[in-house]
1. As an exercise, use a Förster radius of 22 Å and the Cβ-Cβ distance of I85 and K12 to find the FRET efficiency, rounded to the nearest 0.05.
2. Could you let me know the centre-to-centre spacing of the range 9-37 and the range 40-107, using Cα atoms, in angstrom?
3. Find the Cα radius of gyration of the chain, compare it with 2.2 N^0.38 Å by division, and give the number to two decimals.
4. Please list, in order along the range 65-82, the HN-Hα scalar couplings obtained from phi with the Karplus expression 6.51 cos²θ - 1.76 cosθ + 1.60 (θ = phi - 60°), rounded to whole Hz, x for Gly and Pro.
5. How many nm is it between the label spots at Q58 and E78, if each spot is 7 Å from the Cα in line with the beta carbon?
6. Taking 0.36 nm per residue of sequence separation and subtracting the Cα-Cα distance, how much length would be gained by fully extending the chain between D23 and K105, in nm to one decimal?
7. Pop out the ³J(HN,Hα) list for the range 96-104 in order, Karplus 6.51 cos²θ - 1.76 cosθ + 1.60 with θ = phi - 60°, rounded to Hz; leave Gly and Pro as x.
8. Fewest Cβ neighbours within 10 Å first, please rank I5, I42, I14 accordingly.
Amino acid sequence: MDNCIFCKLASKEIPTNVVYEDDTVFSFLDADPQAPVHFLVIPKKHVSCLDECTEEDQELLGHMLLTAKKLAAEQGLENGYRIVINTGDDGGQTVKHLHMHVMGKRSMNWPPG
Ligand code: 5GP
Ligand code: ZN
């Protein structure tokens, strides 16, 4: 996707703080963290949102979740963490490339809103 910021981060066209990457997923720190630990996990291929996923993406979605779990442990989130997938305009999704927020180390006013 030509004008997708997350595609540009995943392809290294734009530098970012990489947490992890493999053949299919990419993880990086959120630029505007809402918790002391806040990173995103995205598929390397462009998928606009969860609603665009099909059965073909089952393995990819499972891999994203298990990657989030593994990275949460590596980031010291042994007391727990929050995973959020904002979907569509009513879901508050601002970047139209599927992403999981992983947030932790925030005990006050949690969950927000
Ligand atoms: P959404 O509201 O779509 O669920 O979340 C998008 C997230 O992407 C926001 O938390 C925002 O801070 C983050 N974000 C947007 N643009 C960039 C960027 O260029 N780099 C990084 N690292 N994070 C970004
Ligand atoms: Zn994209």
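Since every read-out is calculated from the coordinates, none of them should be taken as a lab result. Computed from a predicted model, the values in this text were never measured in an experiment. FYI the Cβ positions are ideal-geometry reconstructions off the backbone, even for glycines, and counts take in every protein chain you see.
1. Efficiency, from the Cβ-Cβ distance: 0.35.
2. 12 Å
3. Taking N as the residue count of the chain, the ratio is 1.03.
4. 3J(HN,Hα) across the range 65-82, in whole Hz: 5, 5, 5, 4, 4, 5, 5, 4, 5, 5, 8, x, 8, 5, 8, x, 6, 10.
5. The modelled label-to-label distance comes out at 3.6 nm.
6. 26.6 nm
7. 8, 9, 2, 8, 9, 7, 10, 10, x
8. With the fewest neighbours first, I5, I42, I14 line up as I14, I5, I42.
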